[in-house]
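Scroll down for the structure; my scribbles are underneath it.
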Amino acid sequence: MTDKALSTYFELHRRYYRSVNLERDLDKPDAAQGYVPTERSAEALRRILSAIGDPNAHRAWTLTGVYGTGKSAFAHYLAALCAPEESPVADEAWAIAECAFPAESSEMEAITNVPEPGLLRAVATAQREPLSWTIVRALSRGFDLFWKKKRKPDFWMDLNEWRFQAEEGNCQVTDQQVLKLLREVVQTVETDVLLIIDELGKNLEYAAHHQGIQDLYLLQQIAELELKGDYQVHLLGILHQSFAGYSDRLSTVEQSEWTKIHGRFTDIVLTESPSQMTRLIGQAIDRSNADPVLHSIRLQAESWFDALKDVLSEYEISAKVLADAYPLHPLTALVLPMLCVRYAQNDRSLFTFLTSDEPYAFSQFLKSTAIQGVGAASPEETQIPTLKLYQLYDYFVEAVTGLASRINLQRWVEVQRFAFM
C-alpha cells in the first residue's frame, strides 16, 4: 500500500487556468478545447444560431451575467462554431457539439445553419470609449481574417484608418459611417456578420459619464438594421448587469430612454443553477490518471448518496455527479456554487477557487493532501479524504473580497464565533 498526494491523480483541465480573451483567442483551438455547454448556454446557442438565414428572426442580443459565469467562454465557443468549416478552431467546436448534443437535436440543427465559409466574425473587447470606435476595431480585424482575396474593397483604407485612430484614442468616424460600413462589409463578403462586443458595459459607462445618448441610438440602429438580400448583421453584447445598472446616475428621463433601447435586444441571462455548476465542477476535473482510486471513490460516492438522498434529490444530483466532483465533499460541492454567486466579486469565481494557488484553494488541497491505502487488497481500505465545508470557509475568509459589508460581515463573524465554541 502507498500514500500519494491527490495531485498525483487529479488536476484541472488546462483550459480552466486562464480566462478567455475573445480577441486574443478567437482562432485558437485550445481556447475552445474542453468547453462544456451547459443548459443555459445550449439554449443561448440555439436561439442565436437559429437566426442565421431567417429574414424574420431577431438578430440582437445581450448576454448578461455576473463575473465568472462563463460569458466570454460561451462567446468564444459561438465564434468558433461560426469559423470557416475547414479551420482547426471550427473542427474543435464541432467535436464538442457532437459529443454534447444528439444528432437530431435542435442545437445541432441550429449549428448546421452556419454556412461552409463561416460568418465574418467581428469581435472586440470594449474599452471606455465611444461605441463606434469599438465597432470599427472589431470590423477591421474581422474583415482582415475573413477576406483572403488580393483585391481590397473601396472601404478598406477608411476602415483601417478609423481603426488606427481608435487605437490612438482620436477617431473621427460618425455613426452614419459605421452603419454604411456595416452595409458595405455585408455586401462585399456575401455572408452574415457576427458582431460580438465583450465588456459592452464599458461603452455604456462611457456614454453615461459623458451624459450622452448617441451611443445608445447607434446600438438601437444596429439592432434594427435590416439589409436587402440574404445576409444580415447579428449583434451580441456581453454585460455584467442590465442597461439600467449603468445608467443609475442619469436623470429619470434618460434612464427611461436607456431602458427602451435595451428593449430592442433579447436579453439572455447566463446564470446556471447550483446543481448545474456542481456538474460543471466534475467536468472540469481531469481524472485521467486516477484509475487506481476511482473504484474506491465510486463506492464512497454511493454511500454519500444513500446518506444524503433527501437533500440531493432536490438538486437532481446523482451518485455519479458526487463521484465526478471528488475530491470535494458532497456538501462542499453543493455549497461552493452558492457561495460564489452570493459573495464572489470581480474575477473571484468558481474557477478562481479551483485554479488559484492561494491558501485553502482547491489546487493547494490537491498538493497537500494524500490518499492513504492505495493498492490495498480491498477498495474499502483506501481512505478517501475530501475538501470539507470548514476548509471552504477558510478560503472565503482569506481570499474572497466582498465580505466586509456590514450585513455579510455579521454573518461570517457569527460563523467564526460558533466555530470556536
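The values are calculated or read from the model by the stated rules, or taken from the named source; none is laboratory data. The structure displayed is predicted, hence computed values, not measured ones. Positions of Cβ are backbone-derived with ideal geometry, glycine not excepted, and every protein chain shown enters the neighbour counts.
Of all residues in region 304-318, those that are part of a loop (DSSP other than H, G, I, E, B) have Cβ atoms under 6 Å from Cβ atoms of residues that are surrounded by 12 or more Cβ atoms within 10 Å (Cβ to Cβ) and not basic (Lys, Arg), 6 or more apart or on another chain, in Tyr315/Ser275; Glu316/Ser275; Ile317/Ser275.
Residues checked against (1) modelled with pLDDT of 95 or more; (2) in contact with a helix residue (DSSP H, G or I) (Cβ under 8 Å, 6 or more places away or on another chain):
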{"site": "Leu119", "(1), (2)": "yes, no"}
{"site": "Ala124", "(1), (2)": "yes, yes"}
{"site": "Gln127", "(1), (2)": "no, yes"}
{"site": "Pro130", "(1), (2)": "no, yes"}
{"site": "Ile135", "(1), (2)": "yes, yes"}
{"site": "Gly142", "(1), (2)": "yes, no"}
{"site": "Lys149", "(1), (2)": "no, no"}
{"site": "Lys152", "(1), (2)": "no, no"}
{"site": "Phe155", "(1), (2)": "no, yes"}
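For Arg18, state whether it is farther than 30 Å from Gln383 by Cα and either touching a Pro at 6+ places or on another chain (Cβ under 7 Å) or at pLDDT 90 or above (or both).
Judged against the criteria, Arg18 is not a match.
Among the residues that make up region 132-139, is at least one of them polar (S, T, N, Q) and assigned to a helix (DSSP H, G or I)? Checked region 132-139: at least one residue is polar (S, T, N, Q) and assigned to a helix (DSSP H, G or I).
For region 134-155, does any single residue satisfy the condition of being of a type in the set (A, V, I, L, M, F, W, C), without any contact (Cβ under 8 Å) to a residue 12 or more places away in the chain and either surrounded by fewer than 22 Cβ atoms within 10 Å (Cβ to Cβ) or touching a Pro at 6+ places or on another chain (Cβ under 7 Å) (or both)? No, region 134-155 has no match at all. Given the condition within 23 Å of Arg40 (Cα to Cα), assigned by TED's automatic domain parsing to the domain that holds Gln383 and touching a Leu at 6+ places or on another chain (Cβ under 9 Å), answer yes or no: does some residue in region 292-301 qualify? Within region 292-301, none of the residues are within 23 Å of Arg40 (Cα to Cα), assigned by TED's automatic domain parsing to the domain that holds Gln383 and touching a Leu at 6+ places or on another chain (Cβ under 9 Å). Considering only residues in region 341-365 that are modelled with pLDDT of 80 or more, assigned to a helix (DSSP H, G or I) and not polar (S, T, N, Q), the one that is surrounded by the fewest Cβ atoms within 10 Å (Cβ to Cβ) turns out to be Leu354. Counting the residues of region 76-110 that are assigned to a helix (DSSP H, G or I) and within 11 Å of Pro37 (Cβ to Cβ) gives 9. Filter region 140-173 down to the residues that are more than 23 Å from the chain's Cα centre (by Cα), in a helix (DSSP H, G or I) and of a type in the set (Lys, Arg) and list them by number. Scanning region 140-173 gives a single hit, Arg163.
Out of Gly53, Gly65, Gly34, I need the residue that is under 30 Å from Lys367 (Cβ atoms) and either of a type in the set (Val, Ile, Thr) or modelled with pLDDT under 95 (or both). Which one?
Exactly one residue qualifies, and that residue is Gly34.
Consider region 60-75 and keep the residues that are part of a helix (DSSP H, G or I) and among the hydrophobic types (A, V, I, L, M, F, W, C). The one that is farthest from Val233 (Cα to Cα) is Ala73. Of the residues making up region 275-291, just one is at pLDDT 85 or above and within 14 Å of Gly70 (Cα to Cα), namely Ile281. Every test in (1) touching a Leu at 6+ places or on another chain (Cβ under 9 Å); (2) surrounded by fewer than 20 Cβ atoms within 10 Å (Cβ to Cβ); (3) closer than 21 Å to Leu195 by Cβ is passed by Thr266 save one, and that test is (1). On the stretch given as region 279-293, residues that are more than 25 Å from the chain's Cα centre (by Cα) and crowded, with 17+ Cβ neighbours inside 10 Å total 2.
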